[in-house]
1. Hey, fewest Cβ within 10 Å first, where do 392, 330, 148, 236 land in order?
2. Using 0.36 nm per residue of separation minus the Cα-Cα distance, give me the extension gain between residue 40 and residue 250 in nm, one decimal.
3. In what sequence, highest mean first, do 265-271, 393-399 appear when ranked by Cβ atoms within 10 angstrom?
4. What is the spin-label model distance, in nm, from residue 151 to residue 323 if the labels are put 7 Å beyond Cα along the C-beta direction?
5. Hey, what did region 39-180 get for relative contact order, percent, Cα under 8 Å, at least 6 apart?
6. Would region 181-262 count as rounded, prolate or oblate if I go by the C-alpha gyration tensor, calling it rounded below 1.5 in a/c and otherwise prolate when a/b exceeds b/c, oblate otherwise?
7. Taking the number of other C-beta atoms within 10 Å as the exposure measure, put 331, 40 in order starting with the fewest.
8. Using a cut-off of under 18 Å, list every residue of region 134-178 whose amide N is near the label point 7 Å from the Cα of residue 48 along the Cα-to-beta-carbon line.
């Protein structure tokens with residue numbers, strides 16, 4: 001019972017399937033881990049695809065620029081061919097050819113950096129120089145410039161074809177890598193899931209079963225031989241918890257056994273004290289009755305003795321006088337016996353001492369709780385620091401009698417006993433109230449009488465002893481009823497203080 005209570009506090013919460021919160025979080029974490037890794041791999045593959053696409057787009061820019069460069073070279077070559085054709089035509093005027101525009105176009109080509117072949121700029125510069133030397137031999141210069149331009153154009157076309165093949169090869173490589181990633185990534189996710197299930201999920205399921213056994217107070221240690229290092233601290237802590245719970249359960253069992261033995265001894269002692277108390281109450285009541293009877297008999301015997309003494313003086317017959325003397329001797333012997341009986345019935349008064357009412361009531365309530373059912377609640381309401389000078393033993397006995405009477409009145413039913421103690425105007429009022437059937441009307445009307453009991457098996461001495469104690473302390477005992485049901489018995493005593501000494 002102790003281990004299960006401690007385990008419930010340790011877990012703090014359990015879902016419907018009985019899995020502790022710690023295991024539930026670990027299981028969820030283990031399930032999310034392969035999914036997270038797979039998602040990360042997918043994101044990485046998508047990032048690679050995006051990067052490859054972006055790189056392909058970046059490769060298109062130089063291809064487009066070089067394509068424009070080729071168009072310009074080709075256009076310049078066509079214009080040089082037209083100029084050469086016009087120069088070969090004798091009927092045409094060579095002044096119609098705009099060589100300045102050709103030179104400017106060559107300058108623009110030289111100013112750009114779109115060539116793929118290193119020799120192209122030098123060939124274009126030679127063609128530019130040849131165009132500047134048209135005055136001496138224009139045909140030869142045009143043919144030479146056209147040759148340089150054609151050679152550069154052929155080299156650039158070859159370089160352009162090489163660039164296109166490189167782009168195509170890179171695109172094919174990226175396509176193959178992307179296709180491989182789309183197949184490899186799910187396989188990696190499945191492999192990770194299998195490994196995690198084998199190394200994490202299965203040990204956690206075993207730990208969940210062990211926790212279920214632990215909740216049923218079945219202490220089983222977890223094997224740590226094949227546990228992954230990630231879960232090893234969890235299993236070690238579980239084994240430490242099992243050892244600690246076993247130790248606590250053993251201490252709790254020993255403590256419970258010792259408490260049961262102590263309660264058994266206290267109950268036996270209390271029962272013995274109750275038996276002795278009942279016997280003492282009966283003897284005290286018998287002594288009180290005997291003292292009353294002796295007191296009542298002593299007065300008539302004194303009158304008889306006086307009458308016989310007078311008769312003895314008046315008689316002259318010796319025989320009658322002897323008989324009267326014999327009777328007087330027996331009467332004197334009876335008087336001595338009655339005086340001895342009265343002397344034994346008188347008990348020396350108990351000296352008053354300072355009594356802490358709060359502590360005394362607390363001790364008596366703890367004593368009574370050991371012998372009344374658990375469904376009977378007992379509590380006390382005492383003025384803080386209340387202390388009176390009274391005979392402690394007699395006061396404790398009187399309060400104990402009132403508490404036991406209230407508990408016996410409630411019986412086997414569920415009930416409540418409430419004790420109050422307060423001092424007003426130098427007088428202590430100690431009341432014991434219960435919610436039992438209440439006091440009989442005859443008792444409320446006639447008052448307390450020794451050996452008069454309205455409870456089956458009662459002696460009729462409990463309230464009589466309390467009333468006797470109250471009268472010895474110049475106090476009184478009040479009986480009353482509670483609404484809607486129950487009884488209230490109040491003990492009113494003079495509450496002395498240390499200054500009264």
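1. 330, 236, 392, 148
2. Contour length minus Cα-Cα distance gives 70.5 nm.
3. Descending packing order for the listed peptides: 393-399, 265-271.
4. If labels sit at residue 151 and residue 323, their model points lie 19.1 nm apart.
5. Relative contact order for region 39-180 comes out at 31 percent.
6. Cα axes put region 181-262 in the prolate bin.
7. Result, fewest neighbours first: 40, 331.
8. Within reach of a label on residue 48, which here means backbone N under 18 Å from a point 7 Å along Cα→Cβ, region 134-178 contributes 169-178.
Values quoted throughout were computed directly from the atomic coordinates according to the rules given, and no laboratory measurement underlies them. Note that the structure is a prediction, hence the values are computed from the model and not measured. Note: ideal-geometry Cβ built from the backbone for every residue, glycine included; neighbour counts use all protein chains shown.
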